[in-house]
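Novice: Structure incoming, see below.
The values are calculated or read from the model by the stated rules, or taken from the named source; none is laboratory data. Keep in mind that this is a model prediction, so the values were computed, not measured. For neighbour counting, all protein chains shown are included, and Cβ atoms are generated from backbone atoms with ideal geometry for every residue, glycine included.
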Amino acid sequence: MTTTAPHNGHDTTPERVLFVAFELREKTWKLGFTTGHGQKPRERTVTARHHEHVLNEIAQAKRRLGLPETAPVVSCYEAGREGFWLHRFLQAQGITNHVVDSSAIEVNRRRRRAKSDGLDVRKLLSMLMRYAQGERQVWQVVKAPSVEAEDQRHLHRDLETLKQERASTTTRIKGLLSSQGLRVTSLTKLPEQLEALRLWDGSPVPPGLRRRVLRVYAHHTFLSEQIAAVEAERRAQLQASTDASLDKVRQLMLLKGIGINGAWLLVMEFFGWREFKNRREVGG
């Protein structure tokens, strides 16, 4: 696989490219290297997140495959738990990197491979070269947010996680009580309610169950305090910050039917840093 150097009237020699695919795992990363179709890929395994090892392997691959040190490098990896830090690191080294949406990768239906399954490094290399040749349908490249835009997403995501965890404690408490034929409509004054509850035979809630319910309730109360703190932080930012993204949140909240939760989510996840060229991209 080659790319044609810019025409300057004299040099028409095609420039060879080093293609690199990452298969990212928790403890180790597998790297695949090639310069084109038909060449057996060079495969190496490095310790996960040791970026200096990655650079060393790229340099060695260039030497082994007969490429100059200045040869361009094009790489890819599937979006996942590593996020975008690796993408930013590779770009800082002058490497053209693609973060690929694993749910939008072309699959062979005859083999019935789930789209969410991780691809091996050779398959990624093959698809990377096809993508470089112009076959855009092989996968979908994820647009990486800036460090600032990514950091802004933590607040509402943290709030959503806290609310889900609190809801699970509510369900757990009600389930524990239901196992004894008991029911509470609200957790506002749960300790007092436990003292007043009686089993089918008129006896009080057993001490072991009471202690367990109160431990879960303590976690429920802690989560409620965390939620209140995050919501207060969000309101403070909305009132005082002059950030452009928060200006968009305030504008959306002027629309009828859109509150702070919906406006914040739309801006921080979509309109704050993504660029939509048409309706299809908005829907996707």
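Novice: Anything in region 130-152 that is surrounded by fewer than 16 Cβ atoms within 10 Å (Cβ to Cβ) and part of a helix (DSSP H, G or I)? List them, or say none.
Specialist: Arg136, Gln137, Val147, Glu148, Ala149, Asp151
Novice: Spot the failing condition for Arg183; the list is (1) exposed (fewer than 13 other Cβ atoms within 10 Å of the Cβ); (2) at pLDDT 95 or above, and only one is missed.
Specialist: Evaluating Arg183 over (1) exposed (fewer than 13 other Cβ atoms within 10 Å of the Cβ); (2) at pLDDT 95 or above leaves (2) as the failure.
Novice: Further question on the same structure: Looking at the structure I just gave you, is Arg157 surrounded by fewer than 18 Cβ atoms within 10 Å (Cβ to Cβ) and at pLDDT 95 or above?
Specialist: Answer is no for this residue.
Novice: Right, something else. On the basis of being modelled with pLDDT of 90 or more and either in the same structural domain as Met129 (by TED's automatic domain parsing) or in a strand (DSSP E or B) (or both), does Glu106 make the cut?
Specialist: no
Novice: Residues to consider are Arg16, Arg25, Arg42; find the one that is under 17 Å from Glu78 (Cβ atoms) and either aromatic (Phe, Trp, Tyr) or modelled with pLDDT under 95 (or both).
Specialist: Unique residue meeting the criteria: Arg25.
Novice: Any idea which residue in region 43-71 is farthest from Ser126 (Cα to Cα), counting only those that are surrounded by 15 or more Cβ atoms within 10 Å (Cβ to Cβ) and of a type in the set (Asp, Glu)?
Specialist: Glu57
Novice: Tell me, which residue of region 198-243 that is touching a Lys or Arg at 6+ places or on another chain (Cβ under 9 Å) and not in a helix (DSSP H, G or I) is farthest from Gln152 (Cα to Cα)?
Specialist: Ranking the candidates gives Pro204 first.
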